[in-house]
Protein chains: 2
Amino acid sequence: MTAVKKASTIQENKQIALDLCPVTYVMEKIGGYWKPIILYHLSKQSKRYSEVKRAIPAITEKVLIQHLKQLEEDGLVIRESKPVVPPFVTYSLSTAGKGLIPVINAMAKWAIKERQGAFM
Amino acid sequence: MTAVKKASTIQENKQIALDLCPVTYVMEKIGGYWKPIILYHLSKQSKRYSEVKRAIPAITEKVLIQHLKQLEEDGLVIRESKPVVPPFVTYSLSTAGKGLIPVINAMAKWAIKERQGAFM
DNA sequence: ACAAGTACTTACCCTAAAGTATGTATTATG
DNA sequence: CATAATACATACTTTAGGGTAAGTACTTGT
């Protein structure tokens, strides 16, 4: 009889990790591929929905709006709509969202350096 | 007959986005949930495989090693193994990987502030 | 002889995320 | 009356990532 490998209780561990690791906490909010990219474009200036869309041609509308909603729920972006037609909706960074600008800028800086071969 | 909505050629767009948006470039390297967390733990000091594992109990071995390999391929971490038994493998940040420390630190800083309610 | 520790690997499954393709409300304009 | 523009919504499919569980090689310790 071989010993049974103890199953790691991943779900419990995740809660603990959230409390202990600050980066894990951030990943819960802006983890994934698209969110930092969206935040990057909003960091330069608030934008209408269609402007964000044009700024990120590689994203589909479904995914874009989905992330915008989540970012809004998480208190990182603010949605403002004017009751006109055609609709006029603006997205901007909240205070918490603006707090992420150093993160985004650090990323951009690294990318530029990397592509210049600064780390080789 | 209704006009057919022109399908967006997402794949081509992605290449363009990569060239134009620095954050997109970063996301191609460290996008996803786990990579920044791994880099965070390596940023404090190089670690043996088992140490990384213990530092991130919420990750499974499969996913951990998978990401370590990718990070190595992308030139962000360095793997060094001593030909002894039991195996002794150390992971550390490369120069490019170290270049990401400001990003990681900015994240950690934001997380701490957020949880203190600094953005409310 | 068998367990224990290290650094993996592999096969299989499952779900969440992403992509495709369309539809909708409203109003101004030709 | 059809069209265009904006900001979405939604049904459906596909894919990639992640999770589970187990196996492997080699040696030291009991």
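The values are calculated or read from the model by the stated rules, or taken from the named source; none is laboratory data. Computed from a predicted model, the values in this text were never measured in an experiment. All Cβ positions, even for glycine, are placed from backbone atoms using ideal geometry, and neighbour counts span all protein chains on display. Heavy atoms of the whole protein, side chains included, go into the accessibility calculation; ligands, DNA and RNA do not. Shrake-Rupley method; radii C 1.70, N 1.55, O 1.52, S 1.80 Å.
Assorted remarks:
- Of the helices (runs of 4 or more DSSP H) entirely within the range A:40-120, those holding at least 2 residues that are touching a residue at least 12 places away in the same chain (Cβ under 8 Å), within 16 Å of DNA strand D (Cβ to nearest atom) and not aromatic (Phe, Trp, Tyr) occupy A:49-55, A:61-73.
- Scanning the range B:94-120 for residues that are within 7 Å of another protein chain (Cβ to nearest Cβ), open to solvent by 30 Å² or more (accessible area, probe 1.4 Å) and of a type in the set (A, V, I, L, M) turns up just one, B:112.
- The selection criterion, being more than 7 Å from chain A (Cβ to nearest Cβ) and touching a helix residue (DSSP H, G or I) at 6+ places or on another chain (Cβ under 8 Å), holds for residue B:34.
- Subset of the range B:47-56 that is buried (at least 16 other Cβ atoms within 10 Å of the Cβ) and more than 8 Å from DNA strand C (Cβ to nearest atom) - its residue that is farthest from the other protein chains (Cβ to nearest Cβ): B:47
- Residues located in the range A:36-95, provided they are more than 19 Å from residue A:108 (Cβ to Cβ) and hydrophobic (A, V, I, L, M, F, W, C): A:63, A:64, A:65, A:68, A:78, A:84, A:85, A:88, A:89
- Filtered residues of the range A:73-87 (kept if open to solvent by 70 Å² or more (accessible area, probe 1.4 Å) and of a type in the set (Asp, Glu)): A:73, A:80
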